[in-house]
Every structure is written in C-alpha cells, then in structure tokens.
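Below: the structure, in structure tokens.
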Amino acid sequence: MKNFQMRWLIAALGTLLSMACSPQYDWREVRSGSAPFVVVLPAKPTTLSRPVNLGTILVTMEMVAAEAGGSTFAVGTAELPEGADAPAVLLMMKNALVGNIRGTIKVEKSVNVASSVNGAKVVAIEIEATGIRNGNNNGNAPVWLAARFVAQGKRVYQVLALGDPKAMTHDVTDIFFTSFKLN
C-alpha cells in the first residue's frame, strides 16, 4: 500500500509541475519600455495605452498583457502628477478592478515586492477576489482575480491575473507574481 501511495504522490506532483510548465504557459521575460519593471508573462504580450480617470486625476495607463490557458495576466502602470496621493490612487484602482467583475474580496494583505532601487522592498496590497466576467463570449462566467497594487515614487502599478476559478492555480499565479520586480 505504501508503494501505491508513493507512486500516486509522485504522479500528482508531476501533474502539478507540468501544469505550471505546460506549453499553454510559454513564460517569457518582459521589460517595459516606459516604466521600470520586469515580469514574466505566459505568452507573447500585447501593449496598449489609454487615458484613465483615477478619481480627479487623468493619467495615461500603459497595460502589458498576455492570455494563456483561458486566463489574462497583465501589468498596468501610470505616472502620477506631482502632489497626487499614491495610496489613495491604489485604493481607487483596487476598488475599480473589483467593481469591474462585480466581485467580492476574499483575501487582502500586504506583501513585499522586490526593487532594485537601493535593494529595498516596496510594500504592495495583494488581493484575491471572485466575481463575474461579463462579455459577449463569456456570458456571466465566474472569475477569479489575483492582483497586486504597488506605488514607487510617482508611478503606480496594477499587476493582475484573471481567469476561470477552476483553471487558474496558485502555482501559476505565484510564477507570475514573484517574477514582477521594480527596476
């Protein structure tokens, strides 16, 4: 019986590892041309910019995103004007993102993000939320959101993974989130 249990455990671990490294996740390092960060994304990224209202502040947000395994992985960033309250902006970003999926935050905590600026760590807000993905192709499908909100200097970052709660795993989101570093 012990031999069977060991084989089952090895098979289960192999399956988990292969999911994180499977062809649907073709991890590649991405550096932003306009913001000082690096991240790995699970597919060839797309970049877009658009104006976004963050309370009374209008900024241009640049988003670098990739889709794989039915999930979206993205980093959005914007430079705030002088005098802007970065913590308040992060709160607005968090509330807007959760509101977009009509979501409920299940976990919220502070985490450290690696920064090459003086070797310092930057504190970020991390959340996990569940909600509904609206859209023509998705109907009202359930969705799981994992996101981090970071401010460094005049720049704010929104790092997120969004997908089917049955398909997304913490192993995959951990690869994505631990790769995000500020330069």
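The values are calculated or read from the model by the stated rules, or taken from the named source; none is laboratory data. Remember, predicted model here, so these are calculated numbers, not experimental data. Cβ atoms come from the backbone with ideal geometry, glycine included; neighbour counts cover every protein chain shown.
With the requirement that a residue be assigned to a loop (DSSP other than H, G, I, E, B) and of a type outside the set (Phe, Trp, Tyr), what does region 139-183 give you?
Answer for region 139-183, where residues must be assigned to a loop (DSSP other than H, G, I, E, B) and of a type outside the set (Phe, Trp, Tyr): Gly139, Asn140, Gly153, Lys154, Asp164, Pro165, Lys166, Ala167, Met168, Thr169, Asn183.
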Determine if region 102-110 includes at least one residue that is among the β-branched types (Val, Ile, Thr) and crowded, with 16+ Cβ neighbours inside 10 Å.
no
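Every residue, every condition in (1) modelled with pLDDT of 95 or more; (2) outside any strand (DSSP E or B), yes or no:
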residue: Val30; (1), (2): no, no
residue: Ser34; (1), (2): no, yes
residue: Val40; (1), (2): yes, no
residue: Ala74; (1), (2): yes, no
residue: Thr77; (1), (2): yes, no
residue: Glu82; (1), (2): no, yes
Matching residues, region 109-138, being assigned to a loop (DSSP other than H, G, I, E, B) and either modelled with pLDDT of 95 or more or small (Gly, Ala, Ser) (or both):
Ser116, Gly119, Ala120, Gly135
Give region 54-72 a look and list any residue that's in a strand (DSSP E or B) and closer than 20 Å to Phe177 by Cα, or say none.
Met61, Glu62, Met63, Val64, Ala65, Ala66, Glu67, Ala68, Ser71, Thr72
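The rows are residues; the columns are (1) loosely packed, with under 14 Cβ neighbours inside 10 Å; (2) out of contact with any strand residue (DSSP E or B) (no Cβ under 6 Å at 6 or more places or on another chain).
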position: Arg148; (1), (2): no, no
position: Ala151; (1), (2): no, yes
position: Lys154; (1), (2): yes, no
position: Leu182; (1), (2): no, no
Which of the residues belonging to region 54-92 are within 21 Å of Glu126 (Cα to Cα), in contact with a Gly (Cβ under 6 Å, 6 or more places away or on another chain) and small (Gly, Ala, Ser)?
Ser71
